[in-house]
Amino acid sequence: MARNPEELIRDELRELTPYHVADAAGMVKLDAMENPYRLPEHVRERIGCLAAEAEVNRYPDPAASRLKGRLRTVLQIPAEAELVLGNGSDEIIQMLMLAFGRPGAIVLGVEPSFVMFRLVAAFCGLRYVGVPLCSDFSLDTDRVLGVIRRDDPALIFIAYPNNPTGNLFDRASIEKIIEAAPGAVVIDEAYNAFAERSFMDALGRWSNLLVMRTLSKSGLAGLRLGLLAGSPAWLRHIEKVRLPYNVGMLTQLVAEEVLEHDAFLLEQAAAIRSERGRLREALDTFPGVEVFPSNANFILFRTAGAQQVFDRLKSRRVLIKNLHGSNPALENCLRVTVGTPAENDLFLDALRHSLA
Ligand SMILES: *Cc1c(COP(=O)(O)O)cnc(C)c1O
């Protein structure tokens, strides 16, 4: 007789609830930092032909060599750096945790930040230590350095810019952390297209610096492609926990094709950055709304009765993200993804009618 799964499932998993994705059918979807623009017609046609020709009866290239070559050029990855590809950067976070997950290993993150750092640590049985940010969402560098000395973390995750706060941390503070860290420091640059600041060019300076990128926020969220760049001494071990065919043939083909014509991605990112400015200025005129600075494709703001504002927006078919209750620092905070000019106008109009 089989035992009750509750007796067999790991303790730390039993308490977790599955990652929730809100139903967005029929909504103006401004909750998940997707690029609102589709691929240009000529690229879509090319992809149609490539997909029709693809030999999907065969396994994909396990090394994804052609795709890696394109990524190196387009993302300006230093030649000395090694690359590991993932089915989204979420999978890379998982690979890192699996590779560094010795018994008792500690992962350090800051709070609030990307929830996957904490969640995946729990999935993989590592202990996660979250160091609170300062009240203005800047890094509390002394506190981080103190926890590094105390807990000897094998892995440190820093999102640059940070999600859900949107800001870029001070570069010199991050450099101090890299220098003090006994293990790897992963700079998660998911929002690089909107930040124009990067640690990619610093890879040669510190062997324990790893830079993570994803194509999700710049227009290919449905494709699932993330990458980790860093010194071969560290990445060759991460590569061992990568499942051989984690990046499918169609993902490889589509990403290669898109990167071949990447000028439109830069144009779309520029349009989103300019809309971010307009959205911010408009939000600033709303009474009782506190807007936080953003270097990403979303804006965090605080307003009294955030839960009610969120519900009212939803009843007007505008879906954003409610962060109230997720962390004490995010009390009454909402996060809106920058959409097309028309979507942003719909959001602003709905917000005008939803504020208390
Ligand atoms: C969205 C996001 C990711 C996840 O990206 P995928 O490549 O889609 O898995 C990683 N890090 C941060 C900070 C994000 O906001």
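The values are calculated or read from the model by the stated rules, or taken from the named source; none is laboratory data. The shown structure was predicted, so the numbers you read here are calculated from the model rather than taken from an experiment. Positions of Cβ are backbone-derived with ideal geometry, glycine not excepted, and every protein chain shown enters the neighbour counts.
Details
- Being surrounded by 12 or more Cβ atoms within 10 Å (Cβ to Cβ), over 21 Å from the mean Cα position of the chain (by Cα) and in a helix (DSSP H, G or I) holds for only one residue in 7, 12, 45, and it is 12.
- Of the strands (runs of 3 or more DSSP E) entirely within the stretch 63-170, those holding at least 2 residues that are within 29 Å of residue 323 (Cβ to Cβ) and away from the ligand (no atom under 15 Å from the Cβ) occupy 106-111, 127-132.
Every residue, every condition in (1) within 24 Å of the chain's Cα centre (by Cα); (2) outside any loop (DSSP other than H, G, I, E, B); (3) among the aromatic types (Phe, Trp, Tyr), yes or no:
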| position | (1), (2), (3) |
| --- | --- |
| 269 | yes, yes, no |
| 272 | yes, yes, no |
| 288 | no, no, no |
| 329 | yes, yes, no |
| 348 | no, yes, no |
| 353 | no, yes, no |
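- Residue among 255, 233, 269 that is over 23 Å from residue 49 (Cβ atoms), within 16 Å of the ligand (Cβ to nearest atom) and in contact (Cβ under 8 Å) with a residue 24 or more places away in the chain: 269
- A Cβ distance below 8 Å, combined with a sequence gap of six or more or placement on separate chains, defines the contacts here; from the stretch 202-222, residues that are more than 22 Å from residue 178 (Cα to Cα) reach residues that are among the charged types (D, E, K, R) and near the ligand (Cβ under 7 Å from one of its atoms) in the pairs 216/224.
- Sole exception among (1) outside any helix (DSSP H, G or I); (2) within 11 Å of the ligand (Cβ to nearest atom); (3) of a type in the set (D, E, K, R) for residue 217, by number: (1)
- For the stretch 168-188, residues that are touching a strand residue (DSSP E or B) at 6+ places or on another chain (Cβ under 9 Å) and not acidic (Asp, Glu) total 10.
- Selection within the stretch 270-312: residues that are hydroxyl-bearing (Ser, Thr, Tyr) and out of contact with any strand residue (DSSP E or B) (no Cβ under 8 Å at 6 or more places or on another chain). The member of this set that is nearest to residue 136 (Cα to Cα) is 285.
- Meets criteria (surrounded by fewer than 19 Cβ atoms within 10 Å (Cβ to Cβ) and out of contact with any Pro (no Cβ under 6 Å at 6 or more places or on another chain)) for residue 292: yes
- Qualifying residue in the stretch 22-39 (condition: aromatic (Phe, Trp, Tyr) and either away from the ligand (no atom under 14 Å from the Cβ) or on the phi > 0 side of the Ramachandran plot (or both)): yes
- Of all the criteria given as (1) within 30 Å of residue 38 (Cβ to Cβ); (2) within 16 Å of the ligand (Cβ to nearest atom); (3) not aromatic (Phe, Trp, Tyr), the one not satisfied by residue 342 is (2).
- Meets criteria (of a type outside the set (Asp, Glu) and within 16 Å of the ligand (Cβ to nearest atom)) for residue 248: yes
- Just one of (1) in contact with a Ser or Thr (Cβ under 8 Å, 6 or more places away or on another chain); (2) away from the ligand (no atom under 11 Å from the Cβ) fails for residue 223. It is (2).
- From the options 239, 256, residue that is farther than 21 Å from residue 32 by Cα, in contact with a helix residue (DSSP H, G or I) (Cβ under 7 Å, 6 or more places away or on another chain), buried (at least 16 other Cβ atoms within 10 Å of the Cβ) and at pLDDT 95 or above: 256
- Figure legend. Inter-residue proximity from the stretch 294-310: first residues within 27 Å of residue 274 (Cβ to Cβ) and part of a helix (DSSP H, G or I), second residues of a type in the set (Val, Ile, Thr) and away from the ligand (no atom under 16 Å from the Cβ), beta-carbon distance below 9 Å, spacing 6+ or different chains. Indicated pairs: 309/303.
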